[in-house]
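Every number here is computed from the coordinates shown, using simple stated rules; none is lab data. Since the structure is predicted, the reported quantities are computational estimates derived from the model, not experimental observations. Because the Cβ atoms are built from the backbone with ideal geometry, glycine has one as well, and the counts that use them run over all protein chains shown.
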Amino acid sequence: MAQTLSGRAPSFSPRVEELPRIRSVKFGDGYEGRYGDGLNNLLLRVEVPWNSLTQAEFNSFISFFRNHRGIAWFNWTMPGDTQNRKWVVRSWNWQRTQDSPANRPTFDLVASFDEVADLNG
């Protein structure tokens, strides 16, 4: 059974990109035909930022992403959405928050979520 990503809400609204997947055919007279590639041809990509995560929060997110390895999907409801969707995170980047104290460092994390349309689930 798939896991659900929980934890602290993102620091601010995620950046959402819609990715319609199409196929097209170009004809010799300049015309072009386009059609949707598959049943689920409009999926989302979302950049999700978290700022000033504590060490425990940071470790929790990183472990979750590493355990899923960009392959296994998980459930997550992005802020402002009412629908729980299936996602994979194929990339994430992080850095220590600027001016965070050495004895209690905090971290900034950005993860790229790709919506998936898996059959199982």
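With θ set to phi - 60°, apply the Karplus curve 6.51 cos²θ - 1.76 cosθ + 1.60 along the range 17-34 and write out the HN-Hα couplings as whole Hz, x wherever there is a Gly or Pro.
Karplus values, whole Hz, x for Gly and Pro: 10, 9, 10, x, 9, 10, 10, 9, 10, 9, 9, x, 8, x, 7, 9, x, 10.
Step by step: find N for the chain, compute 2.2 N^0.38 Å, then divide the Cα radius of gyration by it. What's the final number? Provide the component values of the computation, followed by the final result.
Working: Rg = 18.2 Å, N = 121, 2.2 N^0.38 = 13.6 Å.
For the chain, the normalised Cα radius of gyration is 1.34.
Compute the distribution of all C-alpha to C-alpha distances in the range 53-121, in bins of 10 Å from 0, and list the percent of pairs in each, rounded to whole numbers.
It works out to 18, 43, 28, 10, 1, in whole percents.
Where in the range 1-88 are there trypsin sites (Lys or Arg not before Pro) that are in a DSSP coil and have at most 15 other Cβ atoms within 10 angstrom of their Cβ?
Numbers: sites: R8, R15, R21, R23, K26, R34, R45, R66, R69, R85, K86; in loops: R8, R21, R69.
Loop-located and lightly packed - R8, R21, R69.
Using Cα-Cα distances under 8 Å and only pairs 6 or more residues apart, what relative contact order does the chain have, in percent?
Rounded, it is 29 percent for the chain.
Divide by every residue of the chain the summed helix terms, -39500 (n - 2.57) for each DSSP H run of at least 4, and state the resulting mean residue ellipticity at 222 nm, rounded to the nearest 500 deg cm²/dmol.
About -3500 deg cm²/dmol.
To the nearest 10 degrees, how steep is helix 55-68 against the longest Cα principal axis of the chain, on a 0 to 90 scale?
Tilt of helix 55-68: around 30 degrees.
Sorted by packing (mean other beta-carbon atoms within 10 Å per residue), highest first, where do 53-59, 112-118 land?
112-118, 53-59
Any idea what the dipole of the range 25-121 comes to, in debye rounded to 20, about its Cα centre with Lys/Arg Cβ at +1 and Asp/Glu Cβ at -1?
300
Express the relative contact order of the range 52-105 as a whole percentage, based on alpha carbon pairs under 8 Å and six or more residues apart in sequence.
34
For the chain, set up a Gaussian network in which alpha carbons nearer than 10 Å are linked by springs, and say which option among V89, V46, V16 fluctuates the most.
Looking only at V89, V46, V16, the largest GNM fluctuation is found for V16.
Per residue, how much space in cubic angstrom lies within the convex hull of the C-alpha atoms of the range 1-65?
Each residue corresponds to 139 Å³ of Cα convex hull volume.
Would you kindly derive the ³J(HN,Hα) couplings of the range 99-105 from the backbone phi angles with the Karplus curve 6.51 cos²θ - 1.76 cosθ + 1.60 (θ = phi - 60°), listing them in order in whole Hz, with x for Gly and Pro?
6, 6, x, 5, 7, 9, x
So which chymotrypsin sites (Phe, Trp or Tyr not before Pro) in the range 1-49 end up in coil per DSSP with only 10 or fewer other C-beta atoms within 10 Å?
Those satisfying the criteria are F27, Y31.
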